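Take a look at the structure set out below.
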Amino acid sequence: MQDIHTMLSKLRRPRLLVSAARHGLSEYDRKRHLGKLLFTDRLPGVGAAVMRLVEIENRLNDARVGSDAAYNTARHVDVLIALMSEAAALQTTPELKVIEGGK
């Protein structure tokens, strides 16, 4: 098992992406943004949201690194904003564990 916090701490992304996401944190509204990013009307719990956002972010990062023509920088920043915000909310449940392998 891998702790979500450990998994998040291992993420390494370009400084510009992270900086852009940090600037957007103050505008993040879970009810308004998360459903659009996850393509759902039902918002998952924080832990489930973090896991889904990590999967989406990994795919976006693979597209970025692979110079995929379909890569969308704005979406990547939006996903990072949500991931940072949801991860911060997750700090209240540090004992939450997940099984590796959803990548």
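A short reminder: the numbers here are calculations on the coordinates, not readings from a lab. Because the structure is predicted, anything quoted here is derived from the model rather than measured. For neighbour counting, all protein chains shown are included, and Cβ atoms are generated from backbone atoms with ideal geometry for every residue, glycine included.
A few remarks follow.
- Stokes-Einstein D in µm²/s, Kirkwood radius over Cα pairs - region 1-68 at 37 °C with 0.692 mPa s viscosity: 243
- Normalised contact order of region 2-98, rounded percent, pairs of Cα under 8 Å and 6 or more residues apart: 47
- Charge context of Ala49, other residues only, Cβ under 13 angstrom, K/R +1, D/E -1: +2
- Only Lys, Arg (+1) and Asp, Glu (-1) charged, at Cβ; region 1-73 dipole about Cα centre in debye: 160
- In terms of packing, defined here as the mean over residues of other Cβ atoms within 10 angstrom, the peptides 20-29, 79-88, 49-58, 36-45 line up highest first as 79-88, 49-58, 20-29, 36-45.
- Value at 222 nm in deg cm²/dmol, rounded to 500, when DSSP H runs of n ≥ 4 in the chain each add -39,500 (n - 2.57): -19000 deg cm²/dmol
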